[in-house]
Structures are given as structure tokens and as C-alpha cells.
1. When the dipole is taken about the Cα centre of segment 76-181, and only Lys, Arg (+1) and Asp, Glu (-1) are charged at their Cβ, what size is it in debye, to the nearest 20?
2. Going highest first, how would you order 18-27, 90-99, 158-167 by mean Cβ packing within 10 Å?
3. Under a cut-off of 26 Å between alpha-carbon atoms, report the lysines in cross-link reach of LYS12, not counting same-chain residues fewer than 8 places apart.
4. What list of ³J(HN,Hα) values in whole Hz, one per residue of segment 13-26 in order, does the Karplus curve 6.51 cos²θ - 1.76 cosθ + 1.60 (θ = phi - 60°) give from phi, with Gly and Pro shown as x?
5. Leaving out ligands, DNA and RNA but keeping every protein chain, what accessible area does LYS147 have, in Å² rounded to the nearest 10, with a 1.4 Å probe?
6. Relative to the Cα centre, what is the charge dipole magnitude of the chain, using +1 at the beta carbon of each Lys and Arg, -1 at the beta carbon of each Asp and Glu, and rounding to the nearest 20 debye?
7. List the residues, sorted by chain then number, that are 5 or more residues from LEU182 or on another chain and whose placed amide H is less than 5 Å from its amide H.
8. Hey, what do the phi angles of segment 163-170 turn into as Karplus ³J(HN,Hα) couplings, whole Hz, using 6.51/-1.76/1.60 and θ = phi - 60°, x for Gly and Pro?
Amino acid sequence: LTNAPGLHARFKLDREGETIAIYDAARRRVDAVSFGFQSPGFALGRFGSSGAWGLAKPTPGAANASAETAPSTGLKINEWLANPPPGSDDWLELFNPDLARPATLDRLLLATESALFQIQSLTFVPPQGFVRLFADERAGASRVGFKLASKGGFIALLDSEGSEINRVTYALQAEGISEGRLSDGGSDIGPLPSGPTPGASNSLPVAPRDTDGDGLPDEW
């Protein structure tokens, strides 16, 4: 809100991740923080003598107050696209089943049959929410350092010590068709009938189809 008290910058922050930096009058960088996807209604804050960053309750103009996170062990690999249309990137999606608490991805590992990548950004999966990570081998808070094998393979999520949290195995992938858990976080896995749903529920309703051209839906 532009009429709220305090200083107002002429830019907004990207909830999907970026870097904020402070420079002095000589344009020397004084401080900076990089972050990934942020959970709505929560903030990032510094805590303790080390100044470590963590999930916070919004407290503008007051001391930082930490916010509780959900156990990362509950996270699920929920959807993936390993054979995208030409010009598009591979991606995978994580789901947090916790009802109230965001889950952090910081220091977690993602693995395939040929690659291992550690998430370095301050990224949080919202409660009952989703985060999409692009698998395109480029740098960035929302990207991982490998591509997915369209011929089939596995994707595994590990904790910072290398213990497995979750794993999915998939076969040869059709172009442009994502696969995932047919109900978010569930055990049944297959092609999604409603099409790719990055960052959204896999259980979106399927639109009725008019297959005989009479203007009336006759296939669901």
C-alpha cells in the first residue's frame, strides 16, 4: 500500500525468487540476500547472532519473529514434465501436504539416475501448496542443474544428509504430457487427464468435451 508508513521503493519483489542488495553512496555493495519461491503471508528474517535467514512472521518496524516450518520429510514429488514441446523446458513440482506450515527446500537434494543437485536458495513450499522447479541446467532460484530423461528414469528428493524423502519412477514420456500423482501427494501415478498443472492441483476438473459436434458435452 502506497500510503503505509515507511520508505517506499519503486519496485516490487518477485515471489518466485530474486536477489535484494543494498549499496552505499560509492556504489559498494553493503549487504544482499537471494531467495527462491516465497509462501504467501510469511516473510524472510534474520535471527540470532549469526544473522541466519529463516521463515518469519511479518513484523515491519519490529523485532523479527520466527515462524514454524513443516517437516521437509513430508514433501512429495507431485508432477513432472520430462518431454516438453520444442522451445519449452523440463520441470518438476513439489507438494507440501501440511495444512498450515510452509516447508523449506533449503539444502535439500534432488537426484536422477545421472545427476545430483542441492537446492541453495531460501525457497518455501506453501501449506497445501506447490512449487515448480525448472530442470534446464541454467542458474537461478527456481532452477535445478539437470534435465529430466524423456526415455524414463527416476526423480528423488533427499535431505541434506542424503537420506531419501520421496521418489518417483517413470517410463518413456510422451511429448507435452506431464505425469504425476493423480491426487496431490497420493500414491497413484500416471499421465494427468486435465493436462499439465504446474504450480496447481493435479485434481483440477477435466473440462467436458463435445466429440460429435452437436454443441453438447458428451465426454468427461
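The values are calculated or read from the model by the stated rules, or taken from the named source; none is laboratory data. Since the structure is predicted, the reported quantities are computational estimates derived from the model, not experimental observations. Neighbour counts are summed over all protein chains in view; Cβ atoms, including those assigned to glycine, are modelled from backbone coordinates with ideal geometry. When the accessible area is computed, the model is the full protein with side chains, heavy atoms only, and any ligands, DNA or RNA have been set aside. Shrake-Rupley method; radii C 1.70, N 1.55, O 1.52, S 1.80 Å.
1. Working: 10 positive and 14 negative charges, 21 e Å.
So the magnitude is around 100 debye.
2. Values: 18-27: 9.5, 90-99: 21.7, 158-167: 12.8.
Highest to lowest by the protection proxy: 90-99, 158-167, 18-27.
3. Reachable lysines: LYS57.
4. Once θ is set to phi - 60°, the couplings for segment 13-26 become 8, 8, 5, 8, x, 5, 10, 10, 9, 10, 10, 7, 5, 8 Hz.
5. 100
6. Numbers: 19 positive and 27 negative charges, 262 e Å.
It works out to roughly 1260 debye.
7. Here the answer is ASP188, ILE189, GLY190, since their amide H atoms fall under 5 Å of that of LEU182.
8. 7, 6, 9, 7, 8, 10, 10, 9
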